[in-house]
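The values are calculated or read from the model by the stated rules, or taken from the named source; none is laboratory data. Given the structure is predicted, the values throughout are model-derived calculations rather than measurements. Heads up, the Cβs are rebuilt from the backbone with ideal geometry, glycines too, and the neighbour counts pull from every protein chain shown.
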């Protein structure tokens, strides 16, 4: 158990709908990352928080994507006006930083856009 | 930009066979290197790591040595078990990177037959 939980585990939605995912790390993890993993590929970085501050966003994160971490604890990732190309596994990872910044991954949310 | 290339799978081995999964990287700085494993139905787990040249990471019988001269971090295990069946991801994190996000290879699926 990595201590990182994600909800929901699966989400099926119709194109054009909005979806929101949640990630809950343990309290000591001040760093939080979102990644996206498509079939047959490794995870790709989307965005990064240190406490409540969003410090980095990948160019993969289009304007339809927004992420928050309001109190530096849980985080949400929202996708507006979903497209079929958004179908993927969305992974949350968290850690304490440090010399090699080990990241602990949650089980992921699998999104299917019909 | 930084990247990771790992051998394509799937790899199918018999129990007790020797395993090598090749991984090479491209990085402008001095990255830390990781192997993550994803068992069926589970999230990514850190398998082993190495933070500087000539370091050897090891865990659960798996080993990988950070080779700066060949920019490689090949994963090896002397005798695989059925329970090692999983997808293995090589990853790097740029040393000193402000955000510390991981850059992953595409993953190699390993199937071990009894």
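Couple of notes before you dig in:
- Taking the listed residues B:26, B:12, the one that is in contact (Cβ under 8 Å) with a residue 40 or more places away in the chain, within 22 Å of residue B:102 (Cβ to Cβ), surrounded by fewer than 16 Cβ atoms within 10 Å (Cβ to Cβ) and touching a strand residue (DSSP E or B) at 6+ places or on another chain (Cβ under 7 Å) is B:26, with no other qualifying.
- Candidates A:16, A:98, A:72, filtered to the one that is at positive phi and modelled with pLDDT of 90 or more: A:16
- Leading residue by the ranking (farthest from residue A:9 (Cα to Cα)) among those in region A:81-114 that are away from chain B (no Cβ under 14 Å) and surrounded by 15 or more Cβ atoms within 10 Å (Cβ to Cβ): A:82
- Here region A:8-19 is the region considered, the condition is being loosely packed, with under 15 Cβ neighbours inside 10 Å and away from chain B (no Cβ under 11 Å), and the residue that is nearest to the chain's Cα centre (by Cα) is A:8.
- Filtering B:29, B:100 for residues that are closer than 22 Å to residue A:33 by Cα, in a loop (DSSP other than H, G, I, E, B) and more than 10 Å from every other protein chain (Cβ to nearest Cβ) leaves a single hit, B:29.
- Inspection of region B:41-51 finds a residue satisfying the criterion of being over 30 Å from residue A:110 (Cα atoms) and under 15 Å from the mean Cα position of the chain (by Cα).
- Residues of region A:33-57 that are assigned to a loop (DSSP other than H, G, I, E, B) and more than 8 Å from chain B (Cβ to nearest Cβ): A:38, A:39, A:51, A:52.
- Top-ranked residue in region B:47-90 [being at pLDDT below 95 and surrounded by 19 or more Cβ atoms within 10 Å (Cβ to Cβ); ranked as farthest from the other protein chains (Cβ to nearest Cβ)]: B:50
- Selection of region A:58-77 for residues being surrounded by fewer than 16 Cβ atoms within 10 Å (Cβ to Cβ), in contact (Cβ under 8 Å) with a residue 12 or more places away in the chain and within 13 Å of chain B (Cβ to nearest Cβ) yields only A:60.
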